[in-house]
Amino acid sequence: MEFFAEPDVKSAGGNDLLQKYLHEVVVKLNESGAKQYNLRPPKGMLLMGPPGTGKSLIAKLAAKALGYPLLGLSWGNVLGADNPDRALAQILEVADCLDNCVILADDFDKGFTGWSEGGASRRLSQRLLTWMQEHTSNALMIATVNRIQLLPSEIKRRFDDGGIWFVDLPHRGAIRDIFLIHLAKYFPSQFADGQDPWSERDWYRLLRGYQGSTPVEIANAVTRCATEFYCNLSNEERREANIIPTVTIERLIAQLSQFKKASIRDAEDLQAIRNKAYYARPAASEDESEYAVVRQELFRTLAKVFGGIIFGFVIFSWGDCAKRTGRANRYELQT
């Protein structure tokens, strides 16, 4: 078990539906007045999705919003302990003693690869199931997984009260929000207090390039720009540390050549994760920003009947494709 420090950003960006549930349901149910209505906060939430989508950060921000300490539970480390049963019992005892806390079980699925064969994994999971059902403290367990199919049904059912949420790659509107969070951290003279020096056309170029990126990849790109700015200063400028850092769209776009997007590198794994998310609650709503990709039907199928035989024709209409609405899509046709 480990304690986590506060997150270094104020919000995760995107995932508005999950954030709304945390602040309007979980936080309120942890108020003392909820007990007067025989209501209690959820005992567990399960966040599933591709790696790097900010699931752990969401748990940290949830603990901060509740004002609770955040405890880390590594299921793999528990299984690898000299006495796994005692290790798990001590962790759960600490959580009950703290009463108000959030337990983050990161990469929870990795501890269940051999669950069907029995042994310590099955025995400990039964102990955890009993605790999640019977404990009376306000401890909230948030588990993050990449491969939900590895979890046994008994485990998944224990997260029904808080919900199973799917945290997918951010859409363009969320990508912009994530950029602004990290740009304000490293380049406050340009982006602090809601400032935005870039035009819609600039943003569209940037969002189109980073579409399919994870929040971690976006944060790393901004961090590399800040690192390059500092390393390019002279010795005297670095000593005095009084040069105001700035960044341009071109520098961020240039970072795209420094890494391969996980959505491209691990495309098959990403699709497999999405295929298992059909019953999970979406963490983010549809993109309604001016940068959203407009879904349009590019092909129409027409059927003709000749002598009892049906002939199908597929017609591609560039005119339909050109009838785009929204300023962002006009930029796409011009570039």
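The values are calculated or read from the model by the stated rules, or taken from the named source; none is laboratory data. Worth saying up front: this structure is predicted, and the values here are computed from it rather than measured. Don't worry about glycine lacking a Cβ; one is built from the backbone with ideal geometry, like all the others, and counts go over all protein chains shown. Quick note on the areas: whole protein, heavy atoms, side chains included, nothing else; ligands and nucleic acids left out. Shrake-Rupley method; radii C 1.70, N 1.55, O 1.52, S 1.80 Å.
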Averaging over all projection directions, find the projected area of the Cα convex hull of segment 62-102 and quote it in nm² with one decimal place. 2.9 nm²
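Using R₀ = 41 Å, calculate the FRET efficiency as 1/(1 + (r/R₀)^6) where r is the Cβ-Cβ separation of residue 260 and residue 236; round to 0.05. All intermediate terms of the calculation are to be shown ahead of the outcome.
Values: r = 38 Å, r/R0 = 0.92.
The value I calculate is 0.65.
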What percent does the relative contact order of segment 1-104 come to when contacts are Cα pairs within less than 8 Å and at least six residues apart? 36 percent
Report the Stokes-Einstein translational diffusion coefficient (µm² s⁻¹, integer) for segment 1-133, Rh taken as the Kirkwood radius over Cα pairs, at 10 °C with viscosity 1.306 mPa s. 98 µm²/s
Report, to the nearest whole %, how much of the accessible area of segment 1-119 belongs to carbon and sulfur atoms, 1.4 Å probe, protein only. 49 percent
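Roll a 1.4 Å probe over the protein chains and send me the accessible area per residue for segment 1-133 in Å².
49 Å²
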Using a 1.4 Å probe on the protein chains only, how many percent of the accessible area of segment 155-266 belongs to carbon and sulfur? 50 percent
With Cβ to Cβ distances under 15 Å as the rule, what net charge do the other residues near residue 193 carry (K, R +1; D, E -1)? +1
What distance in nm separates the simple spin-label points at residue 195 and residue 38, each placed 7 Å from Cα in the Cβ direction? 5.6 nm
